[in-house]
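Just below is one structure, and these are the notes that go with it.
The values are calculated or read from the model by the stated rules, or taken from the named source; none is laboratory data. No experiment lies behind these values; they were computed from the predicted model shown. Cβ placement follows ideal geometry from the backbone for every residue including glycine, while neighbour counts extend to all protein chains displayed. Calculation scope for accessible area: heavy atoms of the full protein, side chains included, ligands and nucleic acids excluded. Shrake-Rupley method; radii C 1.70, N 1.55, O 1.52, S 1.80 Å.
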Amino acid sequence: MELLTFSQSTDVINTFNNLPFPPQTLSTFLLLQPQENNSNLIHSIMDPSETLRNKCAACYRQFNRLEHLVEHMRTSYHSVHEPMCGICGKRCRSFESLREHLIGPLPKAECERVFRDRGCDICLNIFSSRYALRAHRDACQQSCGNNGLLHRFANMGIQDDLRIDSGKTRAVALACKMVGGGSDVSLDLCAKICIIDEYENILFRSYVKPHLPVTHYRYETTGIRPEYLRDAMPLRQVQRKIQDFLCNGEPIWKIRQRGGKARILVGHGLDHDLRCLELDYPSIKIRDTATYPPLMKTSKLSNSLKYLTKAYLGYDIQSGIQDPYDDCVATMRLYRRMRSQAHRNENYPLASDPENKNNFASWRQSELERMSPDELLAISRSDYYCWCLDSKDYV
């Protein structure tokens, strides 16, 4: 085993005193290692630049070898569109992961201290002072709105302001309430629908008459009675009306992700709602809060709309009899908040863009290993469409 000089021993002691964990932890670890490895390990602790060279500039994960860092960047799809800690600059896959980093069971100590003093627990932003935080909270904390008024007028029939080329809004939110069908009442049948614009104005609201018999009205949550559906608009008519409104005069096969006349459709669990409506709409125009990566759990499962509304808007929904208008408002507010995120402008923001297909190609391995972590992050692109890109269509 290589012996250390007196000055090196002094440096090691000073280094141990500045470790972010108890020195006993490292001592135990060293005893479990082969003796010939201890010297290299101690030198790497004394010279952190060795390990910082292999540290991811986005998530701060460290790797023993450069090729491991390159492979991590190749598969992680880090980008400027990921939620970022306003204190240490760490990028997280989702806001849920960022929340755990700040105030979770095992938060980073310094970030937790600053966040509890000057951080907003709704949008997770950090502010320059407690006064700035208090001023911000008034705008960030939202309320449920005119929910009681809607329930009083819930049975007044059809409200229809769907117009082709109306030009009022580029994005609309849709929500449905389902009744039960089938012998075991497990079949979801759309019985009430609501569509709103970006300003939370109702464009269309109606009861819907399913084409299959209803076996359970689920009154405790829907508030729907048999007489409400007796003269309701048939499902086929609702389907055609919504399809025409969303396409806005543009053939469905011509609809593209950005631009064009077709409208953006916002909602939560839209694949289920559209399936119950028997409605087809291109996924490139769908903004679903249930499947948007920054709003998902760290386990990559969907959060409920009730949780998202409480966590990121600051109020409760879906208690007692539920109105689809409340769901529309919640999803539209979440969409607007995600769309307003200020991210660096990129000409080709997606990893799937043809211009980015060779960013981490295997034939560039040697070149990639010579890059710094910041340079690797600069060429990394997102594997999902960030909703902030929609804001460019509103300029």
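Observations
- The C-beta contact set for the stretch 334-355 (first residue of a type in the set (Gly, Ala, Ser), second residue surrounded by 12 or more Cβ atoms within 10 Å (Cβ to Cβ), distance under 6 angstrom, 6+ apart or interchain) comprises ALA351/TYR77; ALA351/ARG381; ALA351/ASP383.
- Inspection of the stretch 325-341 finds a residue satisfying the criterion of being open to solvent by 80 Å² or more (accessible area, probe 1.4 Å), under 14 Å from the mean Cα position of the chain (by Cα) and closer than 30 Å to LEU376 by Cβ.
- Checking GLN257, GLN243 one by one, the residue that is over 23 Å from LEU189 (Cβ atoms), touching a residue at least 12 places away in the same chain (Cβ under 8 Å), surrounded by fewer than 20 Cβ atoms within 10 Å (Cβ to Cβ) and not small (Gly, Ala, Ser) is GLN257 and no other.
- Within this structure, PHE63 passes the test of being over 24 Å from TYR385 (Cβ atoms) and among the aromatic types (Phe, Trp, Tyr).
- Condition met for THR222 (open to solvent by 40 Å² or more (accessible area, probe 1.4 Å) and either among the polar types (S, T, N, Q) or modelled with pLDDT of 95 or more (or both)): no
- Breaking point among (1) under 18 Å from ILE196 (Cα atoms); (2) out of contact with any Gly (no Cβ under 7 Å at 6 or more places or on another chain); (3) open to solvent by 10 Å² or more (accessible area, probe 1.4 Å), for GLY249: (1)
- The listed residue being farther than 20 Å from LYS177 by Cβ and out of contact with any His (no Cβ under 6 Å at 6 or more places or on another chain), out of PRO210, PRO234, PRO226, PRO282: PRO282
- Cβ-Cβ distances below 7 Å connect the following pairs, each with a first residue in the stretch 175-186 that is within 30 Å of ARG333 (Cα to Cα) and free of Cβ contacts under 8 Å to residues at least 40 places away in the same chain, a second residue that is of a type in the set (Lys, Arg) and surrounded by 15 or more Cβ atoms within 10 Å (Cβ to Cβ), and a separation of six or more residues or different chains: GLY180/ARG218.
- Residue in the stretch 306-315 that is on the phi > 0 side of the Ramachandran plot and out of contact with any strand residue (DSSP E or B) (no Cβ under 7 Å at 6 or more places or on another chain) present: yes
Every residue, every condition in (1) at pLDDT below 90; (2) more than 21 Å from HIS343 (Cα to Cα); (3) open to solvent by 60 Å² or more (accessible area, probe 1.4 Å), yes or no:
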residue	(1), (2), (3)
SER79	no, no, no
PRO83	no, no, no
LEU98	no, no, no
GLU110	no, yes, yes
GLY119	no, no, no
CYS123	no, no, no
SER129	no, yes, no
HIS136	no, no, no
